[in-house]
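Have a look at the structure below, then the notes.
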Amino acid sequence: MDKSKFNIATMIVVGNMLLSSGIASAGEGVAVNHLGVNNTLVRVEGDGRYLLMPVQESNDDATVNVLVDGKIEQTVYVRLAKSKVDYMVPLDLEKYRGHDVVLNIVTSQNRATVREAKEDACWSRFCVSDTFDTSNREKYRPAYHHTPLYGWMNDPNGMVYKDGVWHLYYQYNPYGSKWQNMTWGHSSSADLVHWTHHPLAIVPNGLGSVFSGSSVLDTANTAGFGDDAIVSLYTSAGVSQIQSLAWSADNGATFNIYPANPVITLESEARDPNMFWNNHTGEWNLLLAHPLDHEMLIFSSPNLKDWSLKSVFGKGLGCQDGVWECPDMFELPVEGTDLKKWMLICNINPGGPFGGSGIQYFIGDFDGAVFTPDRDAEGNVPTKWLDFGKDNYAAVSWSDAPDGRRTIIGWMSNWQYAAEVPTVQYRSANTLPREVGLFKGADGQIYASTVPSPEVDTLRGSLFKKYKGMSVGAKGNVVPLPVGNGGICEILLDIDARKADEVMLNFSNEKGEYVTVGYKPGEHTVSFDRINSGITDFSQDFPVVTVAPAFDEDSRGHISLRIFIDRSSMEIFGQDGKFAMTNIVFPTEPYSSLTVSAVGGKADIRNVRIYSM
């Protein structure tokens, strides 16, 4: 992604969260009036494009009511600075030009007197500016994964493909780098690897914040919003969680809010609607997460507005820990067979295989009303995981993808520590886009595979190193890694364990930080150890070893690996995508060498290729 400096007065992006030397002097264009120890008015008097608001992350949220000509236009929550300013966030004033704008601010910072309240760092740093610098200031910002230019991001949602463009919407806080003010952020791409950032797509209103949802192309105009309108359904989260509709007539750039919202209401918490057209039944289907009941509600509709509950799935099945969220469901062929099966994705938190967030899925049949899961030889519905790392959550697919593709992307973090990772300008990235397939395992069960989308291949630069083969033992062979541009690279290799008990890949730097990937053919597992990977002390849940099934029962100790290293992540795809592990890492300097060794005997490493990116 291009992280160069943007001028937001001329671009469609909204940018950066750190102070820059180009902003107006402190307090310029504003007047501050203190009304009490917890109440202050900030009046906009300048003509700039943005009101810059000072943030201190360790503070509690202040309630900022934006009054335009005396009426509340919006309410946002900002961690206004008390003792120091960590960064600035912009309030876009463009649509309020020619009007009186006043911020009525209520803080939670208890002060004994107004005099003490006046000393808070934020009041002297509010200012109006025409520009906002979006140059990247983050050491760990990924080079080739999607990230927001600034602010907090979590679940991808509402993704749709239209006219050659992949639209990625996502849960976004434009007023800080921690969760709050949920809106739909928006990026788009023609190739899934280079992203353009757009203004906010759907923002909170009187029904609440804008939580996750889905989008579809209504090619037959079933909803009456026009042929090929993009129709979105999302959760409005206020006092209760209800489902709201919006549509776009300009290819996803702006959305109209359906005036008869909400379209689905329940007496209990429900969220993250995921809808799709069912070719078998000629109607729309919808999955809605019933999070606290650990189940999915299945609806149908002829027009995207009127929904009928058909069935409930999941009670007592799969992992029942945490809450069930962010569903998705689609039909796919089973590789090497004439079968087609339905796959139901159910993201859960906590309860993931290694703590915190995770993605489980079910394989089965669907008749348009009821999903019937496959069972194993003992008659049980097995728990299956789509990723065996700690850092892939809320993975859902693009609707209307071309050529029958089922392309997914996830949030590359974990709720256990997402707000504490060592970045400030932004928090969180997305995984690489991946193609989903189905295959039959050695146990007769049908499993999901994920491989990097073919567009990812275009990221390859020069071939940095190539080895046809090498024999390794306990001492190990050292292979250099590219360290330029933050150490980003792609590594492909094949392992023949021969008689070794374990084959280990150790990625290390000169600071003594390392990640170890271990393959144990006798246990049919691949592990990922990031305990000593770099900065890990921001959370006790971060230093961990994750383990994946190798799906090597038929390969006699042979496995193939494809490894992607970005500045703060490693993604491993094994056995042509039969397993995947996604883990974020924060080395203080790039991993510069790969040491390959074997325990208990010699092993062969073949077809090693290392590409710069």
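The values are calculated or read from the model by the stated rules, or taken from the named source; none is laboratory data. All values derive from a computational prediction rather than experimental measurement. Glycine gets a Cβ as well: all are built from the backbone with ideal geometry, and neighbour counts include every protein chain shown.
What residue, of Leu245, Leu200, is within 25 Å of the chain's Cα centre (by Cα), in contact (Cβ under 8 Å) with a residue 12 or more places away in the chain, part of a strand (DSSP E or B) and under 26 Å from Thr147 (Cβ atoms)? Don't jump to the end; show me each part of the working.
Numbers: Leu245 fails: under 26 Å from Thr147 (Cβ atoms).
Selected residue: Leu200, the only one of Leu245, Leu200 that is within 25 Å of the chain's Cα centre (by Cα), in contact (Cβ under 8 Å) with a residue 12 or more places away in the chain, part of a strand (DSSP E or B) and under 26 Å from Thr147 (Cβ atoms).
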With respect to Gly522, determine if the residue is small (Gly, Ala, Ser), modelled with pLDDT of 95 or more and in a loop (DSSP other than H, G, I, E, B). yes
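Does Pro148 meet the test of being assigned to a loop (DSSP other than H, G, I, E, B), surrounded by fewer than 24 Cβ atoms within 10 Å (Cβ to Cβ) and not basic (Lys, Arg)?
Working: assigned to a loop (DSSP other than H, G, I, E, B): yes; surrounded by fewer than 24 Cβ atoms within 10 Å (Cβ to Cβ): no; not basic (Lys, Arg): yes.
It is false that Pro148 is assigned to a loop (DSSP other than H, G, I, E, B), surrounded by fewer than 24 Cβ atoms within 10 Å (Cβ to Cβ) and not basic (Lys, Arg).
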Taking the range 30-67 on its own, how many of its residues are assigned to a strand (DSSP E or B) and under 34 Å from the mean Cα position of the chain (by Cα)? 12
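I need the full set of residues from the range 68-86 which are in a strand (DSSP E or B) and aliphatic (A, V, I, L, M), in order please.
Here is the first cut: in the range 68-86, the ones in a strand (DSSP E or B) are 68, 71-78, 80.
Residues satisfying the conditions are Val68, Ile72, Val76, Val78, Leu80.
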Result of the Cβ filter at 6 Å on the range 478-499, keeping first residues that are assigned by TED's automatic domain parsing to the domain that holds Pro590 and within 16 Å of Val526 (Cα to Cα) and partners that are of a type in the set (A, V, I, L, M, F, W, C) and at pLDDT below 95, at least 6 apart or interchain, is none
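Given the residues Lys475, Lys468, which is the only one that is in contact (Cβ under 8 Å) with a residue 60 or more places away in the chain, charged (D, E, K, R) and part of a loop (DSSP other than H, G, I, E, B)? Break it down into steps so the answer makes sense when it comes.
Working: Lys468 fails: part of a loop (DSSP other than H, G, I, E, B).
The conditions single out Lys475.
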If I ask for residues that are in a loop (DSSP other than H, G, I, E, B), within 21 Å of His294 (Cα to Cα) and touching a residue at least 12 places away in the same chain (Cβ under 8 Å), which ones from the range 377-387 would you list? Val381, Pro382, Thr383, Leu386, Asp387
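Could we say that Asp120 is surrounded by 20 or more Cβ atoms within 10 Å (Cβ to Cβ), among the acidic types (Asp, Glu) and touching a Phe, Trp or Tyr at 6+ places or on another chain (Cβ under 8 Å) here? Please lay out each step first, then the result.
On the way: surrounded by 20 or more Cβ atoms within 10 Å (Cβ to Cβ): yes; among the acidic types (Asp, Glu): yes; touching a Phe, Trp or Tyr at 6+ places or on another chain (Cβ under 8 Å): no.
It is false that Asp120 is surrounded by 20 or more Cβ atoms within 10 Å (Cβ to Cβ), among the acidic types (Asp, Glu) and touching a Phe, Trp or Tyr at 6+ places or on another chain (Cβ under 8 Å).
When you scan the range 562-572, do you find a residue that is of a type in the set (Phe, Trp, Tyr), in contact with an Asp or Glu (Cβ under 9 Å, 6 or more places away or on another chain), in contact (Cβ under 8 Å) with a residue 12 or more places away in the chain and crowded, with 17+ Cβ neighbours inside 10 Å, even just one?
Taking the range 562-572 as the starting set, the residues that turn out to be of a type in the set (Phe, Trp, Tyr) are 564.
Still in the list and also in contact with an Asp or Glu (Cβ under 9 Å, 6 or more places away or on another chain): 564.
In the following step, the residues that additionally are in contact (Cβ under 8 Å) with a residue 12 or more places away in the chain were identified as 564.
Adding the requirement that they be crowded, with 17+ Cβ neighbours inside 10 Å leaves 564.
The answer is yes; a qualifying residue exists.
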Of the residues in the range 153-165, those that are more than 24 Å from Cys346 (Cβ to Cβ) and not aliphatic (A, V, I, L, M) number 3
